[in-house]
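The values are calculated or read from the model by the stated rules, or taken from the named source; none is laboratory data. These numbers were taken from a predicted model, which means no experiment stands behind them. Here the Cβ positions follow ideal geometry from the backbone for every residue, glycine too, while neighbour counts run over all protein chains shown. Ligands, DNA and RNA are excluded from the accessible area calculation, which covers all protein heavy atoms including side chains. Shrake-Rupley method; radii C 1.70, N 1.55, O 1.52, S 1.80 Å.
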Amino acid sequence: MLIIPKSIDVKDTLKDAGLSLNQSGDGIVVITKNKKFFGIVTDGDLRRGLLNGLPLESRVDKITNKKCITSVLGIEKQEAKKVLLENQIKHLPLINADGVCETIFVEDDLNESKEFNGISVLLMAGGFGKRLMPLTKDVPKPMLPIDGVPLMEKIIKDLKKSGLKKIFISVFYKKEVIKNYFEDGERFGVDIEYIEENEPLGTAGCLYYLKEKKFNNLLVLNADIYTDVNYKILIEDHLTSNAKATMCAVIHQYKFPFGVINKLSSGGISIHEKPTISKIANAGVYMINKKVFSKMKYGPKDMTDLICSVVPVNIFTLFENWTDIGVLSSYQSVQSQKD
């Protein structure tokens, strides 16, 4: 199939590339120079660039694939498919006589939602939400409204849209509120099964109850995360990585309040005034092969401890919107964006 590509200039930033990728959903953005084709940036190119420490303000030419395979506008469909297959690529930019990329030939199913056989979802929704009191006095944190509907309803609808319909929900605090609202999930087009903890088991302890369930890989989400993550791309990245677990990461930047001193080999010093520090942080979204927890014993366990015990681990860097609504300021920020 043919798509009309989003394009940005070579002088634009990684952040601009992320916005274009989010808007198109095609997994590719064309990079131009003097309005002519210069190269491409794929979803994977951007995530790898962020993982390697490039800030979002970096010029996009730092991650541009300038040697990508292209073809001429008007190529026959069967020939285009042959090029994709022989080169094991998903996108084929088609260039006109003026050096402009008018369309891109892509795999037929690239934008189609599909069922992910052997994959289930776990939403962790049992926390007390103490930092959001008094908002969570009568309502569990995942049921707080975003744009008029509970956050967890948005998450479940996004999962269904991505072809993920088997959902486990771990509940503890105010569990009846969640169970009465979602019931068995039929109203939302999904199949929901509840894991009811008799005591707090940490962020991974409930996996003990899933050992006998039938699936191969599990998508695990903190149910208080507001994000536009592309679950389809995340799952495909995990499966092709052959890792036992995938951890999603977000780029967190903060401005160091003092000048940083560096000792020089000459014996002198240099001072970097108030640098911006960039780190990758845990996003609370994971893909886990069932073998990772198939021998777990009952008891409290945290997800971070479980992931750190696994080798190898794949890291999937998010450039999509991401907010942990677990603190009042973050929740209010998301609310204000929706007003």
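Please enumerate the residues belonging to the range 270-306 that are assigned to a helix (DSSP H, G or I), open to solvent by less than 90 Å² (accessible area, probe 1.4 Å) and more than 20 Å from Ile225 (Cβ to Cβ).
Lys290, Val292
Within the range 244-263, can one find any residue that is surrounded by fewer than 15 Cβ atoms within 10 Å (Cβ to Cβ), in a loop (DSSP other than H, G, I, E, B), touching a residue at least 40 places away in the same chain (Cβ under 8 Å) and among the polar types (S, T, N, Q)?
no
Restricting the search to the range 67-109, which residues are under 25 Å from the mean Cα position of the chain (by Cα) and among the basic types (Lys, Arg)?
Lys90
Kindly evaluate Tyr209 against the criterion of being of a type in the set (Phe, Trp, Tyr), out of contact with any Cys (no Cβ under 6 Å at 6 or more places or on another chain), under 19 Å from Trp322 (Cα atoms) and in contact (Cβ under 8 Å) with a residue 12 or more places away in the chain. I'd like the intermediate steps shown before the answer.
Working: of a type in the set (Phe, Trp, Tyr): yes; out of contact with any Cys (no Cβ under 6 Å at 6 or more places or on another chain): yes; under 19 Å from Trp322 (Cα atoms): no; in contact (Cβ under 8 Å) with a residue 12 or more places away in the chain: yes.
Here the answer is no, as Tyr209 does not meet what is asked.
Pick from the range 26-37 the residues that are of a type outside the set (Asp, Glu) and surrounded by 15 or more Cβ atoms within 10 Å (Cβ to Cβ): which of them is farthest from Lys232 (Cα to Cα)?
Lys33
Considering only residues that are open to solvent by less than 70 Å² (accessible area, probe 1.4 Å) and part of a loop (DSSP other than H, G, I, E, B), look in the range 128-147 and name the one that is nearest to Lys232 (Cα to Cα).
Leu144
When you go through Ser309, Ser330 one by one, which is the residue that is open to solvent by 40 Å² or more (accessible area, probe 1.4 Å) and of a type in the set (Gly, Ala, Ser)?
On inspection, the qualifying residue turns out to be Ser309.
For the subset of the range 55-72 comprising residues that are of a type in the set (A, V, I, L, M) and touching a Ser or Thr at 6+ places or on another chain (Cβ under 7 Å), which member is most open to solvent (accessible area, probe 1.4 Å)? Walk me through it before giving the result.
Going through the range 55-72, the residues of a type in the set (A, V, I, L, M) turn out to be 56, 60, 63, 69, 72.
Remaining after also requiring touching a Ser or Thr at 6+ places or on another chain (Cβ under 7 Å): 56, 60.
On the way: Leu56: 52, Val60: 0 Å².
Result: Leu56.
State which residue is nearest to Gln337 (Cα to Cα) when the search covers only the range 151-173 and only residues that are surrounded by fewer than 21 Cβ atoms within 10 Å (Cβ to Cβ) and without any contact (Cβ under 8 Å) to a residue 40 or more places away in the chain.
Taking the candidates together, the pick is Glu153.
Considering each residue of the range 9-25, count those that are of a type in the set (A, V, I, L, M) and surrounded by fewer than 20 Cβ atoms within 10 Å (Cβ to Cβ), and give that number.
The qualifying residues number 2.
For residues that are among the basic types (Lys, Arg) and in contact (Cβ under 8 Å) with a residue 40 or more places away in the chain, scanning just the range 29-80, find the one that is nearest to Leu318 (Cα to Cα). So that I can check it myself, show each step before the final result.
Step one: of the range 29-80, the residues among the basic types (Lys, Arg) are 33, 35-36, 47-48, 59, 62, 66-67, 77.
With the extra rule that they be in contact (Cβ under 8 Å) with a residue 40 or more places away in the chain, the set shrinks to 35-36, 47-48, 59, 62.
Values: Lys35: 29, Lys36: 29, Arg47: 7, Arg48: 10, Arg59: 18, Lys62: 18 Å.
Looking at the filtered set, the residue picked out is Arg47.
Looking at Asn117 and the list (1) modelled with pLDDT under 90; (2) open to solvent by 70 Å² or more (accessible area, probe 1.4 Å); (3) part of a loop (DSSP other than H, G, I, E, B); (4) within 30 Å of Ile251 (Cα to Cα), which single condition is not satisfied?
(4)
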